[in-house]
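Note sheet for the following structure.
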Amino acid sequence: MSRLVVIDASPLIGLAIVDGLKWLPKLFGTVFMPESVKNEVLPDVGATGEEAIARSIEAGWLKIWPEPIPAILDIDLDIGETDCINLGLSFADESLLIMDERTGRAVANEKGLRVVGTAAIIGMAKKQGLILSARKAFEVLHGSDFRISATVINQVLLSVNEQP
């Protein structure tokens, strides 16, 4: 298990849609988000899952990173993604980023960081017995405006022994 798990806004929203935020402390323990990510999803910004995200903070396992984040990379990404990557780089050997945005993931991977997305978290939840069906979670996401490529969904379904 990584010592530092950092989450971006999109996975917070996606997991809230499928009632999956509760899986994160079971999979990872404490999860951190930069202040910039908090500002994208709370308060009253109209983000899907805002209440579930707020409850996760109140529960104490989802925490806002308490210190300034060093600007290791100055990259042309959303501020939340940039902060997640810079925080991950500050603890490179022991961090895991939960991020969906393709460009941010590419930058993080290029810098040697471990990255998973919403789809992978759904797969992990299935493998750990936290949910009965990854397919049902993907169906809920598909019914919202949250998008994950069919290729990624099929890869996850195959990895958890569900038919794509």
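For segment 93-152, the solvent-accessible area works out to 56 Å² per residue, with a probe of 1.4 Å and every protein chain left in place.
Relative to the Cα centre, the charge distribution of the chain, modelled as +1 at Lys and Arg Cβ and -1 at Asp and Glu Cβ, gives a dipole magnitude of about 860 debye.
On the beta carbon distance between T30 and N154, with R0 = 25 Å, the FRET formula returns roughly 0.20. Which one is right for this structure if semi-axes √(5λ) of the Cα gyration tensor in Å is calculated from it: [x] 24, 22, 13; [y] 32, 18, 11; [z] 24, 18, 15? Only one option fits the structure, namely [z]. The C-alpha atoms of the chain define a longest principal axis, and helix 50-59 lies at about 70 degrees to it. Between Q163 and V45, the distance separating the two model label sites (each 7 Å from Cα on the Cα→Cβ line) works out to 4.1 nm. In a reduced charge model with +1 at each Lys and Arg Cβ and -1 at each Asp and Glu Cβ, segment 67-129 shows a dipole moment near 500 debye about its Cα centre. Taking trypsin sites (Lys or Arg not before Pro) across segment 1-68, the ones in a DSSP loop with at most 13 further Cβ atoms lying within 10 angstrom of their Cβ are R3. Per atom type, segment 1-121 shows carbon and sulfur on 48% of its accessible surface, probed at 1.4 Å.
Nearest 10 degrees, 0 to 90: what angle lies between the long axis of helix 150-159 and the longest principal axis of the chain (Cα atoms)? On a 0 to 90 degree scale, this one is about 70.
The values are calculated or read from the model by the stated rules, or taken from the named source; none is laboratory data. Quick caveat, the model's predicted, so the values are computed rather than measured. Cβ: placed from backbone, ideal geometry, glycine included. Neighbour counts: every protein chain shown. When the accessible area is computed, the model is the full protein with side chains, heavy atoms only, and any ligands, DNA or RNA have been set aside. Shrake-Rupley method; radii C 1.70, N 1.55, O 1.52, S 1.80 Å.
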